[in-house]
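Note sheet for the following structure.
The values are calculated or read from the model by the stated rules, or taken from the named source; none is laboratory data. Just so it is clear, the structure is predicted and the values come from calculations on it, not from any experiment. Positions of Cβ are generated from backbone atoms using ideal geometry, with glycine treated the same way; all protein chains shown enter the neighbour counts. Just so you know, the surface numbers come from the protein's heavy atoms only, side chains and all, with ligands and any DNA or RNA stripped out. Shrake-Rupley method; radii C 1.70, N 1.55, O 1.52, S 1.80 Å.
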Amino acid sequence: MARGNLMVIDPAVVNPSLESFNRIVKVAPFSVTYHLPALYGTKNLFKEFNKDTLGIIILGSATSVNDKNKWQDEIKKVILQASKINIPIMGLCYGHQLIGKIFGGVVEPLWNKKIEKGNRKVSIKESSMWGSSKSGLLLYSHQDGIIKAPPKFNVIASSEMIDIEGIESKEKPIWGFQAHLEATEAFVEEHNLGLEGADESFKFGHMLLDTFILSLND
């Protein structure tokens with residue numbers, strides 16, 4: 001078993017993604033820590049982060065990366081410190097947008113409606129993490145999105161709805177996806193999706209996320 005731990009940062013402001021976290025714990029062959037900076041502060045976040053941290057996953061949030069919250073600035077500090085020492089980072093939905101903003105991209109509302117949600121087919125290009133090109137359904141619930149990718153990042157995924165569905169750093173082990181790769185049945189219930197095809201979305205999303213998690217054990 002790899003030494004160190006995977007940090008899961010859940011920026012939830014209402015309902016934590018406990019079911020998704022529990023699934024990650026079952027997949028990971030190493031310790032996983034859980035952090036809720038918006039609800040419980042960032043003291044524990046900095047206590048757990050160190051050079052032996054294996055990786056970081058930043059989940060979704062009902063807030064915007066363009067809001068000015070102190071806890072968001074603290075997450076930014078951790079991400080920048082991790083990137084300096086090449087700790088792998090994966091951002092999902094809010095986490096994806098936060099990575100985009102931190103490294104020089106532009107995040108803005110994508111449509112007039114407050115939130116769009118459902119599942120959509122996402123096509124992924126050949127990448128260092130997931131190999132050959134592939135596509136599948138993924139669940140989503142968001143208003144904002146990256147409209148301009150950060151410098152030194154490649155766009156590795158897109159859909160008919162969103163041009164920048166996924167990004168990959170050209171220099172660092174950093175990735176982001178707009179869709180919720182971590183989504184479980186609890187996500188569907190919480191967002192009142194009730195969709196046919198949810199099982200297919202779980203399968204594809206979990207495969208992508210688990211590939212990242214298991215790569216940390218190499």
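Mind sorting out which of (i) 69; (ii) 60; (iii) 54 is the real percent of Cα pairs over 20 Å apart computed from the coordinates?
The listed entry that was calculated here is (iii).
Taking 28 Å as the cut-off for C-alpha to C-alpha distance, list the pairs among LYS114/LYS172; LYS51/LYS148; LYS70/LYS114; LYS43/LYS172; LYS148/LYS172; LYS77/LYS125 that go past it.
LYS114/LYS172; LYS51/LYS148; LYS77/LYS125
For the chain, what does the helix formula give at 222 nm: sum of -39500 (n - 2.57) over DSSP H segments with n ≥ 4, over the residue count, nearest 500 deg cm²/dmol?
That calculation yields -9000 deg cm²/dmol at 222 nm.
Only four residue types carry charge here, +1 at the Cβ of Lys and Arg and -1 at the Cβ of Asp and Glu. Report the dipole size of the chain about the Cα centre in Debye, rounded to the nearest 20.
About 760 debye.
Where q = 0.17, 0.21 Å⁻¹, what log10 of I(q)/I(0) comes from the Debye formula for the range 40-110, counting one point per Cα?
-0.61, -0.94
If you count only protein heavy atoms with a 1.4 Å probe, what accessible area per residue comes out for the range 1-113, rounded to a whole Å²?
On a per-residue basis, 48 Å².
Report, for the range 40-174, the % of DSSP beta bridges that are antiparallel, rounded to 5.
85 percent
Going highest first, how would you order 36-42, 59-65 by mean Cβ packing within 10 Å?
The densest-packed peptide leads the list: 59-65, 36-42.
Just name one of ILE115, GLY166, ILE75: the one whose Cα is farthest towards the positive end of the charge dipole of the range 67-218 (beta-carbon charges, Lys/Arg +1, Asp/Glu -1).
ILE75
Run down the lysines and flag those whose C-alpha is under 16 Å from the C-alpha of LYS203, throwing out any fewer than 8 positions away in its chain.
LYS26, LYS121, LYS134
Within the range 168-218, report the GluC sites (Glu not before Pro) that DSSP leaves as loop and that have at most 15 other Cβ atoms within 10 Å.
GLU171, GLU196
Sort out the exposed loop trypsin sites (Lys or Arg not before Pro) in the chain (DSSP loop, at most 12 other Cβ within 10 Å) and tell me the longest stretch that has none.
171-218
Taking +1 at the Cβ of each Lys and Arg and -1 at the Cβ of each Asp and Glu, which of SER133, ALA179, ILE102 sits farthest along the dipole of the chain towards its positive end, judged by Cα position relative to the Cα centre?
ILE102
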